[in-house]
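The values are calculated or read from the model by the stated rules, or taken from the named source; none is laboratory data. Computed from a prediction, not measured in an experiment: that's the story for all the values here. Reconstructed Cβ throughout: ideal geometry from the backbone, glycine too, with neighbour counts over all protein chains shown. SASA here: full protein model, heavy atoms, side chains in, ligands and nucleic acids out. Shrake-Rupley method; radii C 1.70, N 1.55, O 1.52, S 1.80 Å.
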Amino acid sequence: MTEKTHKVLKAARKRALIDNDTYLSWYRQSTKNPEKFWNKHGKRIDWFKPYTKIKNTSFSGKVSIKWFEDGVTNVSYNCIDRHLKKRGSQVAIIWEGDNPYDDKKVTYNELYEQVCRLANVMKSNGVRKGDRVTIYMPMIVEAAYAMLACARIGAIHSIVFGGFSPDALAGRIVDCDSSFIITADEGLRGGRTIPLKENTDKAVEIAGKNGVAVKNVLVVRRTGGSVGWVEGRDIDYQKAIQAAKPECPPAKMKAEDPLFILYTSGSTGKPKGVLHTTGGYLVYASMTHQYVFDYHDGDIYWCTADVGWVTGHSYIVYGPLANGATTLMFEGVPNYPDAGRFWDVVDKHQVNIFYTAPTAIRALMGAGDDFVKRASRKSLRTLGTVGEPINPEAWEWYYHVVGEEKCPIVDTWWQTETGGIMITPLPGATDLKAGSATRPFFGVQPQLVDGDGNVLDGATDGNLCIVDSWPGQMRTVYGDHERFVQTYFSTYKGKYFTGDGCRRDEDGYYWITGRVDDVINVSGHRMGTAEVESALVSHDKVSEAAVVGYPHDIKGQGIYCYVTLMAGEKGNETLRKDLVKHVRQEIGPIASPDKIQFAPGLPKTRSGKIMRRILRKIAEDDFGSLGDTSTLAEPAVVDDLIENRQNKQ
Ligand code: WTA
């Protein structure tokens, strides 16, 4: 297969921090002598005590990953204090509200004061270094303050996306034993409110029953909606902030002290608490932010993610602020008030760098070009995507219509676990191919292997592994190092296995083909099919469930559920609706099933293992190629599944 190549744009090359020769030579250095390379680049952040040790990592045995381990620093100091002299009055955060008339700008000086005050509020309520603080917030500036205030005092934040249900929130509070929560009365998205405080109250109750007593809930007034209040536990954010001192010295943190936990889905079990630490993470997040987006001083940078996901951590808050950038935080959604919102905001705030997800691009593409064209978009210089494979049609639309062939697109592949971007073009260095994440970032050594772990060379398809550590890598699963080793390093011994399939073409370009495990990617949101299954079977009419992904025009993948009911129960529309509601309650609206098929039986091997391959094919309406079904215990169930499939073309 030969794909069209878009050569590096002249303007991009002229301005670029990294051209192709520099890329090749830095990449060579970074893999030949990582110690020397990272010794140099580790200095891009400020250290209270410089490191003398650089890389101490092993992917075998117990797996241990340490970077810059004897260095001492603070993330909040690096994102704020060190910029004050030069850019105290520069805007750090532009906030754009859900309502297009609602916005504000926060300078670095203001950011410093707000973060210090909040840090003091937390301290005076007993939050100490190493404590876990849960953040369940809408996209308001206080979410960024909360992250940075935790970092300032050495507390470990765990952000839970506002679209998760009270049950899901409670599970995460309990898992990391977190007794301090920061939330808001309500969130606001697309003109609709989200009852964050009410959800928190429910979650705190559930957590209490599971042995974790939440001591305080700090509540930001966002909408002013009426909410319950527990005296002695709940704290009014605005009042507390006003009473707090505007100075708070940054805690001295070792490079390997934890910075945050972020829960993410895997193929089995409950979501894992991915743990990122201080020094290496910040070096990697800031370095990738600078070079991948070709960030120059004074640029206005906008990443449309939510801080509830890793993209929001690394590329709304930590990377950009460590670089002294102006970062835009958007509270709303792409299609409110209408499908031109993104481009209106680009013009309004003169955005130069714009980073979003393929699902948003596909949805906006469907709304038509007029929404794009009504905005000038003259300020745009670099476009980015993340979260899922981008189909070439959407890529071309983004390139030709949104960017008018003037903006390189950086298709950035990475994961919650990797902390920062891993495979990506660099705007002034890399020729582009629609749908390819192209080449590895500095220090990243991808390898493709077959199912038996044999290393595959040249142009080929395989399972994507990374063979050596990079500073932004997760260090462990919070509280369960064994699970970390099992999940990532046991499939292919001595290698980090990403869970993604990938093709490498004759130019050495990487094309991520999607997950090869039981994780699905719905609108860029990562979900374990096992989580949805367990939500379904917790319904009292369900005896068994199997969940698979299927191709979905807008969302990338949709959620297809096969449900076997308890004896005597009948599947009908009412029950379907009830099951959807039930899953939303258990996990959250982001896990709403798209299709539910009632199945009298599921295809199983004689040893009782569900044959998902068959279920995937039927969900894709591609049952002509079911492959070998002779090992099934009851081959006849397949006929029923095909007969009653929900995606008949
Ligand atoms: C997928 C998001 C193709 C991939 C930063 C990965 C991508 C999972 C891309 C991680 C991309 C992310 N092209 N697929 N550019 N970026 N993915 O942890 O399957 O929410 O394993 O991190 O998203 O999702 P996560």
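To keep it simple, each residue is scored yes or no on (1) under 29 Å from R526 (Cβ atoms); (2) open to solvent by 70 Å² or more (accessible area, probe 1.4 Å).
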| residue | (1), (2) |
| --- | --- |
| H582 | yes, no |
| A591 | yes, no |
| D594 | yes, no |
| P600 | no, yes |
| R616 | yes, yes |
| G624 | no, yes |
| S630 | no, yes |
| K648 | yes, yes |
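Checking each residue in the stretch 296-315 for being β-branched (V, I, T) and within 8 Å of the chain's Cα centre (by Cα) picks out V310, T311. Of the numbered criteria (1) buried (at least 24 other Cβ atoms within 10 Å of the Cβ); (2) closer than 18 Å to C150 by Cα, the one E256 fails is (1). Is it true that some residue in the stretch 327-350 is within 16 Å of the ligand (Cβ to nearest atom) and crowded, with 19+ Cβ neighbours inside 10 Å? No, the stretch 327-350 has no match at all. Within the option set T491, T430, being among the polar types (S, T, N, Q), away from the ligand (no atom under 12 Å from the Cβ) and open to solvent by 20 Å² or more (accessible area, probe 1.4 Å) holds for one residue only, T491.
A single entry from G508, G558, G494 fulfils the requirement of being under 23 Å from S436 (Cβ atoms) and of a type outside the set (D, E): G508.
Any residue at all in the stretch 138-156 that's among the aromatic types (F, W, Y) and touching a residue at least 40 places away in the same chain (Cβ under 8 Å)? Taking every residue of the stretch 138-156 in turn, none turns out to be among the aromatic types (F, W, Y) and touching a residue at least 40 places away in the same chain (Cβ under 8 Å).
Within the stretch 543-563, which residues are crowded, with 18+ Cβ neighbours inside 10 Å and farther than 26 Å from A363 by Cα? Answer for the stretch 543-563, where residues must be crowded, with 18+ Cβ neighbours inside 10 Å and farther than 26 Å from A363 by Cα: A545, A546, Y562, V563.
So, in the stretch 400-424, how many residues would count as being assigned to a helix (DSSP H, G or I) and within 15 Å of the ligand (Cβ to nearest atom)?
Kept after step one, since they are assigned to a helix (DSSP H, G or I), are these residues of the stretch 400-424: 400-402, 416-418.
Narrowing the set further to residues that are within 15 Å of the ligand (Cβ to nearest atom) leaves 416-418.
Qualifying residue count for the region: 3.
Tell me, yes or no, whether the stretch 245-260 has at least one residue that is in a strand (DSSP E or B), out of contact with any Pro (no Cβ under 7 Å at 6 or more places or on another chain), farther than 24 Å from I18 by Cβ and within 16 Å of the ligand (Cβ to nearest atom). Checking the stretch 245-260: at least one residue is in a strand (DSSP E or B), out of contact with any Pro (no Cβ under 7 Å at 6 or more places or on another chain), farther than 24 Å from I18 by Cβ and within 16 Å of the ligand (Cβ to nearest atom).
Which one of A207, A203 is open to solvent by less than 40 Å² (accessible area, probe 1.4 Å), assigned to a helix (DSSP H, G or I) and touching a Leu at 6+ places or on another chain (Cβ under 6 Å)? Please lay out each step first, then the result.
On the way: A207 fails: touching a Leu at 6+ places or on another chain (Cβ under 6 Å).
Step by step, each of A207, A203 is checked, and only A203 is open to solvent by less than 40 Å² (accessible area, probe 1.4 Å), assigned to a helix (DSSP H, G or I) and touching a Leu at 6+ places or on another chain (Cβ under 6 Å).
Checking the stated criteria, D540 turns out to be away from the ligand (no atom under 11 Å from the Cβ) and surrounded by fewer than 21 Cβ atoms within 10 Å (Cβ to Cβ). Condition (residue is within 14 Å of the ligand (Cβ to nearest atom) and open to solvent by 20 Å² or more (accessible area, probe 1.4 Å)) applied to the stretch 449-460: is it met by at least one residue? For the stretch 449-460, residues within 14 Å of the ligand (Cβ to nearest atom) and open to solvent by 20 Å² or more (accessible area, probe 1.4 Å): absent. Applying the criterion of being open to solvent by less than 10 Å² (accessible area, probe 1.4 Å) and part of a loop (DSSP other than H, G, I, E, B) to the residues of the stretch 435-448, the residue that is farthest from K40 (Cα to Cα) is S436. Residue-level check: of (1) within 12 Å of the ligand (Cβ to nearest atom); (2) assigned to a strand (DSSP E or B), E388 misses just (2).
Among the residues of the stretch 210-232, is there at least one that is farther than 30 Å from S534 by Cβ, open to solvent by less than 60 Å² (accessible area, probe 1.4 Å), without any contact (Cβ under 8 Å) to a residue 60 or more places away in the chain and out of contact with any helix residue (DSSP H, G or I) (no Cβ under 9 Å at 6 or more places or on another chain)? Scanning the stretch 210-232, I find at least one residue that is farther than 30 Å from S534 by Cβ, open to solvent by less than 60 Å² (accessible area, probe 1.4 Å), without any contact (Cβ under 8 Å) to a residue 60 or more places away in the chain and out of contact with any helix residue (DSSP H, G or I) (no Cβ under 9 Å at 6 or more places or on another chain), so the answer is yes.
What do you reckon, is A394 closer than 20 Å to C303 by Cα, outside any loop (DSSP other than H, G, I, E, B) and more than 9 Å from the ligand (Cβ to nearest atom)?
yes
Count, please, the residues in the stretch 496-521 that happen to be open to solvent by 10 Å² or more (accessible area, probe 1.4 Å), away from the ligand (no atom under 11 Å from the Cβ) and out of contact with any helix residue (DSSP H, G or I) (no Cβ under 7 Å at 6 or more places or on another chain). Going through the stretch 496-521 one residue at a time, the tally reaches 6.
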